[in-house]
Amino acid sequence: MSFIDALSPFFRYLMLAIALFVTVRLIIALFCKKVTDPVRGKLINNITQEAIPLYDRETSLGRNKKCDVVLSFDTISRLHAVIAYRSKGFVIFDTFSKSGIAVNNQKIDGKSYLKNGDVINMGGLEFTLEESKYKYIKDKSGAFGKPSYGVILILLAVFNIVSLLLNIRPDGEYNVQVVLTYIIFIAMQWLYYVFASFVLKIYNFELEMIGFMLTSIGLAIIGSMYPGAVLKQFLAVVLGLVGYCVLLIILRFVSTVKVIRYILAAGAIGILAVTLVIAEPTNGALSWLTIGGFSIQPSEFVKIAFIFVGAATLEKLQSIRHLTMYIIFAAICVGELFLMYDFGTALIFFFAFIVIAFMRSGDTRTIMLICMVAALGAALILIFRPYVANRFATYLHVWEYMDEGGYQQTRTLIYSVSGGLFGLGLGNGELRNIFAAAEDLVFGVVCEEFGIIMGFLIPIVYICVVIFAVINAPKAKSAFYSIAGIAASSMMLFQGMLSIFGITDILPLTGVTLPFVSKGGSSIISCFCLLAFIKAIDTRTYASFKPQIQLKKGATK
Amino acid sequence: MKKTARRGLVVLLLVAVVLGGLGFLAFKFAVNGEKWATLRANLHLTEDGSFVAAGNITDRNGEILAQTKDNERVYNDSERVRRSVLHIIGDTEGYISSGVQTAYKTQLTGYNPITGLYSLKRYGRGNDIKLTLDSKVCATAYDALNGRKGVVAAYNYKTGEILCSVSSPNYDIRNKPSEETIQKNENGKYDGLYMNRLIDGLYTPGSTFKIITTASVIENKADISEWQFECNGETVIDGVKITCPDKHGVMNFEEAFTKSCNCAYAALTDEIGKNALTKTAKEFGFSKEFSFGNAYTDASVFDLSDAERGDVAWAGVGQYTTLVNPYHMLTVLGCVANNGNAVLPYVVSNVTSPDGKILKEATAVTESRITADVANTLKTMMRKNVENNYGDGNFKGLEMCGKTGTAEVADGVKPHSWFVGFSANENCPVAIVVVVENGGWGSSAALPVASTVMNEVFKSLS
Ligand SMILES: [Zn+2]
């Protein structure tokens, strides 16, 4: 052990250097990626011979200036049609236009698949579809956009081996479990890399590896604080990764997801209701269900459903022009969370709802109204249930109540600065002895033991992922991906913000976990699943998919 | 599609909020880091609420005054030393706020914003602090005070090093009296127990103030060498009676200083006026807070703004509302001893990290206050005062210059006894201030203490 003790001053720099290099390298890759945006086909105006290019993404046509293709004719409805490039090739959707759409002189009912040479008639305008011969997206990223994933995986392995070395204790009860878990964790990363490359045909892994990096920081802390819980946390990572892959596959078939939306919506409301009824209070909240010895937090899984239900493809957005159903669904979910006294999660859901509602409708007035109603509701709760307000009584006064209500916050601040920029080294902190250190206070533990630089790196990573989502949203294959990806990434950032600023007394303490880092199985599973939505925004994710009709028709005829 | 996706830009608002919040958090960390990390609640530093993470504190000769052993703070073996340095070392609970263990907490823990408390974690203790004190001299001074309240302080007026600083009442930090006993404060035994009288004490100066008045007279009265005065034991200025303990008879300026004649000084003060005296007091550093390590001294008070002529005359002999801080008095002596340039006294010599690196070294600050001529005239007068008045027998070989003071504080209470002075011997450039509270005559209470301490200082330096 003395050998490890002697190296530990070096280890803390090594771990920080790896974390910095890996995250910075991956973020650079996210921002420097460059892929072609091929024209999949053209609509040729039969009279003017003007060509309207059609890309991978959904194209809206109509008189309204908001449409991607503006057709300023009185015979055209404001939002007339949407053309999408789906798995079976081009599809045209009639989004309740007044004059309708005809394909090859046949009036369509709702939607119609298109093939090369089809003549489309909209409000007297006639177009011919001309499919392109180019089928694939090309990755033109330079050296910056293409990191060596092997090197990153090796660095991640080094990071995990160092935490493994630091977490072996003389006579430690769980040493075998800890060592095995870290080794399998390293193996899992490589396994995923191979599996995703060959089975999912994914060839870029920035988001997943960012997830691995953050998870590794969390696992290092959990391994040193609760050696008996490392295996559980690791299994949650595996489940999360499985969920991630499944979601990626489901999301590929974006036009079929609407069927499961209703099931998910009902399921979400149902499971929250069940939790509300049968949960035993834990730390003042009713958010935990215990099933067969495992404690799960259903609200974490509802997050995924919440985004799934909220996001929609462009043709859906254009045909359903009101938000009523989604507002009702969101109100029930948020209401149930409120009744569980899980205010942090309720706030996160409310935030995601606002983002989704705004992206769907752009209707600022309705959203302002909803915010006002929500504020009124919150005010009413504070009036009729004053003890709710007591929870937040120490906000901005933590030093006055440093041994009562402000205990967690003041200790987080004291120990965060005690670590300095480079930390005291894994296992040398004091914050770990405070209640909920590995869950709610984990940002402070990271600052104290890994240093403030590492602590701040975590929210910076969330921010970069959000910016990545925002930049890539306009080119996503479907509006569904744009909405879901932005909602998921910003939800993660919002939760990170509540967590970090809550325990540092910049915001009221709501007791939420830090995405990917905190201890907690449900949370880590949900984080990886949310990552799938962000991944779907990236056009490269489904680039290798070869549309079948296109294959048959393209070159042969 | 483009419209929908573009609405996603709205989440950049959240990004801006989070970035702002992170900036604010970084700012909070930077500004408050030191304060938070050195709080008593930080268990890296404390054991049972007591500050144990500090490094060693040693005196000028390397004698350990305080150190941490087995998670406990241990002090010097001698009770005399422990008591004599109590106020300089301070306690671990922070009652003695100017004590090194509290005021230098950050340095002792080794905290810095870059590495936090890492050095403490790595070496098991914080930085070491070396003081300028000589613990032997301190113990001698403690003995000499013999339980009376007051302060003894001596410093090297060439370098600024404080060799001795004892504040009384004090207690043995190893056997601190119970909080209850202290609160009870029988017979005022624990008056100002936690206060270091050197830096927080304020005393009526009595005749020791005549040093300042003398300087002012030399500066403002050109024909002072021809001046003569006859003392009848009392004089009246603007209807206010000024008294002397004896009828001093006819005398010149030098004799007036030696005899410490109140009537003569009252007349001189009346002649030069309150503006001249106020100006000189300002030059000497009245109303100024001096930085003492990481703390500040109490400023000496000299305010004649509402004084009538009679009040001004009393102020000239060191009464009225004037109050002097003993640290400040040291600087006054240093200024006279050192050709008008006061080297400010300090007590922390250096801060060293556990691996022996010197992190901070004291640098002397010098204040130019009066001309060398005035200083040297004063010095000669003070030298003659010792020769003719107290006798060199008290200060063998020291070429002592000095002035006693007997400061009336209230009716029915014995006056504070003062001795202030310095050695003109090149080999012992040390100034001393002694105040024995309610000790009576300056020559009977403070002078013997000064004599004992100066002789010990001389011994230690040669
Ligand atoms: Zn007289």
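The values are calculated or read from the model by the stated rules, or taken from the named source; none is laboratory data. Remember, it's a predicted structure, so these values are computed and weren't measured experimentally. All Cβ positions, glycine included, derive from the backbone under ideal geometry; neighbour counts span all protein chains shown.
Observations
- Of all positions in the stretch B:71-85, none carries a residue that is within 14 Å of chain A (Cβ to nearest Cβ) and part of a helix (DSSP H, G or I).
- Within the stretch A:468-503, the set of residues being surrounded by fewer than 24 Cβ atoms within 10 Å (Cβ to Cβ), β-branched (Val, Ile, Thr) and either more than 7 Å from chain B (Cβ to nearest Cβ) or touching a residue at least 40 places away in the same chain (Cβ under 8 Å) (or both) comprises just one member, A:471.
- Looking only at residues in the stretch B:257-283 that are assigned to a helix (DSSP H, G or I), within 8 Å of the ligand (Cβ to nearest atom) and within 29 Å of the chain's Cα centre (by Cα), the one that is farthest from the other protein chains (Cβ to nearest Cβ) is B:259.
- Test: residue in the stretch B:294-311 that is at negative phi, among the polar types (S, T, N, Q), within 14 Å of the ligand (Cβ to nearest atom) and touching a Lys or Arg at 6+ places or on another chain (Cβ under 9 Å): no
- Residue within the stretch A:296-304 that is surrounded by fewer than 23 Cβ atoms within 10 Å (Cβ to Cβ) and either over 23 Å from residue A:534 (Cβ atoms) or in contact with a Gly (Cβ under 6 Å, 6 or more places away or on another chain) (or both) present: yes
- Filtered residue count, the stretch A:420-432, keeping only those that are part of a helix (DSSP H, G or I) and either more than 13 Å from residue B:37 (Cβ to Cβ) or in contact with a strand residue (DSSP E or B) (Cβ under 8 Å, 6 or more places away or on another chain) (or both): 1
- Comparison of B:124, B:147 shows that the only residue that is surrounded by fewer than 22 Cβ atoms within 10 Å (Cβ to Cβ) and either away from chain A (no Cβ under 14 Å) or hydroxyl-bearing (Ser, Thr, Tyr) (or both) is B:147.
- The single residue among A:445, A:417 that is facing chain B (nearest Cβ under 7 Å), in a helix (DSSP H, G or I) and either touching a helix residue (DSSP H, G or I) at 6+ places or on another chain (Cβ under 7 Å) or aliphatic (A, V, I, L, M) (or both) turns out to be A:417.
- Of all residues in the stretch A:433-442, at least one satisfies being part of a helix (DSSP H, G or I), of a type outside the set (S, T, N, Q), at pLDDT 95 or above and buried (at least 24 other Cβ atoms within 10 Å of the Cβ).
- Per-region count, the stretch A:292-349, residues out of contact with any helix residue (DSSP H, G or I) (no Cβ under 7 Å at 6 or more places or on another chain) and outside any helix (DSSP H, G or I): 8
- Qualifying positions in the stretch A:162-220 - among the β-branched types (Val, Ile, Thr) and either touching a Leu at 6+ places or on another chain (Cβ under 7 Å) or buried (at least 17 other Cβ atoms within 10 Å of the Cβ) (or both): A:162, A:168, A:178, A:179, A:181, A:186, A:202, A:210, A:215, A:217
- For residue A:229, the conditions (1) at pLDDT below 95; (2) in a helix (DSSP H, G or I); (3) touching a Cys at 6+ places or on another chain (Cβ under 7 Å) all hold with the exception of (3).
- Test result for residue A:329, modelled with pLDDT under 90, of a type outside the set (Lys, Arg) and under 30 Å from the mean Cα position of the chain (by Cα): no
- Look at the stretch A:192-206: where a residue is at positive phi and a partner is surrounded by fewer than 22 Cβ atoms within 10 Å (Cβ to Cβ) and part of a loop (DSSP other than H, G, I, E, B), sitting 6+ places away or on another chain with Cβ atoms under 7 Å, you get A:201/A:544.
- Unique match (being more than 16 Å from the chain's Cα centre (by Cα), of a type in the set (Phe, Trp, Tyr) and within 14 Å of chain A (Cβ to nearest Cβ)) among B:171, B:111: B:111
- The one condition in (1) buried (at least 24 other Cβ atoms within 10 Å of the Cβ); (2) of a type in the set (Val, Ile, Thr); (3) facing another protein chain (nearest Cβ under 9 Å); (4) over 16 Å from residue B:33 (Cα atoms) that residue A:458 fails to fulfil: (3)
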